[in-house]
Amino acid sequence: MKHTRLAAIAALGLAASLSLTACGGDDSAKDSSSKGSSSSSSSDSGSKAESGSDSDGTEAGAGADNAKSGSGEDTKTEAGSGTTQTSGKVKFCTTEDLAIDATDAAPDETSGRINITMINRGSTTCSATGFAGVDIKDEDNTSSPIERGQAQPRITTLKPGDAAVFNLAYDIDSTGESLASPTNIEVTPPNETHSVTLDWPASAGDIKGAYTDVQVFPTHTTK
């Protein structure tokens with residue numbers, strides 16, 4: 001009997017030991033699994049956070065660059081171009097600042113030419129570039145606008161005291177039967193609205209045809 005009890009106690013002790021070992025293994029597995037899960041979750045969170053930070057950083061950076069190129073550079077460009085235009089701008093000569101005169105400058109007996117000279121009598125440099133407006137008045141009190149000749153305007157900048165000239169060209173009628181009887185030339189300087197009235201040069205040859213056959217050419221400097 002005593003042997004049987006000892007055997008039974010030993011069997012119970014072995015069973016208890018096995019049970020404890022099994023329990024300890026399960027707990028270790030659970031702990032290990034739990035730690036692994038926690039580590040994985042932490043890693044995922046870190047990746048998402050890092051990815052989100054990069055994305056936000058990229059967008060913010062692009063936005064900042066766009067803002068710089070959209071405002072700073074454009075502003076500099078506009079400011080630069082505005083400064084250039086302002087510093088390089090020359091005002092057009094006004095009629096009141098010009099001394100204007102008309103003279104006969106025919107090169108021969110068949111080609112009529114009247115030179116109209118404009119002298120800058122103002123105190124600042126001005127531009128007389130372009131075509132002047134010209135009307136010829138006849139003794140019957142009619143006025144005829146003169147058409148522009150085929151010529152490209154040249155830059156005509158006048159310092160105080162400088163002169164610009166433009167001319168009227170036509171064919172001379174040597175028959176003595178011309179129907180044109182000009183008395184005055186009305187001149188409006190380029191880019192102006194005020195005009196002056198000049199006498200038709202007495203020595204100028206008669207106009208062949210009509211006033212529509214006379215042409216005006218653009219201004220140029222006399223230098």
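The values are calculated or read from the model by the stated rules, or taken from the named source; none is laboratory data. No experiment lies behind these values; they were computed from the predicted model shown. FYI the Cβ positions are ideal-geometry reconstructions off the backbone, even for glycines, and counts take in every protein chain you see.
Here are the numbers for the structure shown:
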quantity	calculated
Residues being outside any strand (DSSP E or B) and either buried (at least 19 other Cβ atoms within 10 Å of the Cβ) or free of Cβ contacts under 8 Å to residues at least 40 places away in the same chain (or both) - total across the range 163-179	6
Residue among Thr175, Thr183, Thr124 that alone is more than 15 Å from Thr94 (Cβ to Cβ) and out of contact with any strand residue (DSSP E or B) (no Cβ under 7 Å at 6 or more places or on another chain)	Thr175
Filtered residues of the range 144-162 (kept if acidic (Asp, Glu) and part of a loop (DSSP other than H, G, I, E, B))	Asp162
Pick from the range 142-178, criterion among the charged types (D, E, K, R) and over 14 Å from Thr221 (Cα atoms), ranking: nearest to the chain's Cα centre (by Cα)	Arg148
From Thr183, Thr212, Thr193, residue being among the hydroxyl-bearing types (Ser, Thr, Tyr), part of a loop (DSSP other than H, G, I, E, B) and surrounded by fewer than 16 Cβ atoms within 10 Å (Cβ to Cβ)	Thr193
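Residue by residue, here is whether (1) modelled with pLDDT under 95; (2) over 19 Å from Asn191 (Cβ atoms); (3) assigned to a strand (DSSP E or B); (4) basic (Lys, Arg) holds:
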site: Ala99; (1), (2), (3), (4): no, no, yes, no
site: Thr103; (1), (2), (3), (4): no, yes, yes, no
site: Asp108; (1), (2), (3), (4): no, yes, no, no
site: Gly112; (1), (2), (3), (4): no, yes, yes, no
site: Asn115; (1), (2), (3), (4): no, yes, yes, no
site: Met118; (1), (2), (3), (4): no, no, yes, no
site: Gly122; (1), (2), (3), (4): no, no, no, no
site: Gly130; (1), (2), (3), (4): no, no, no, no
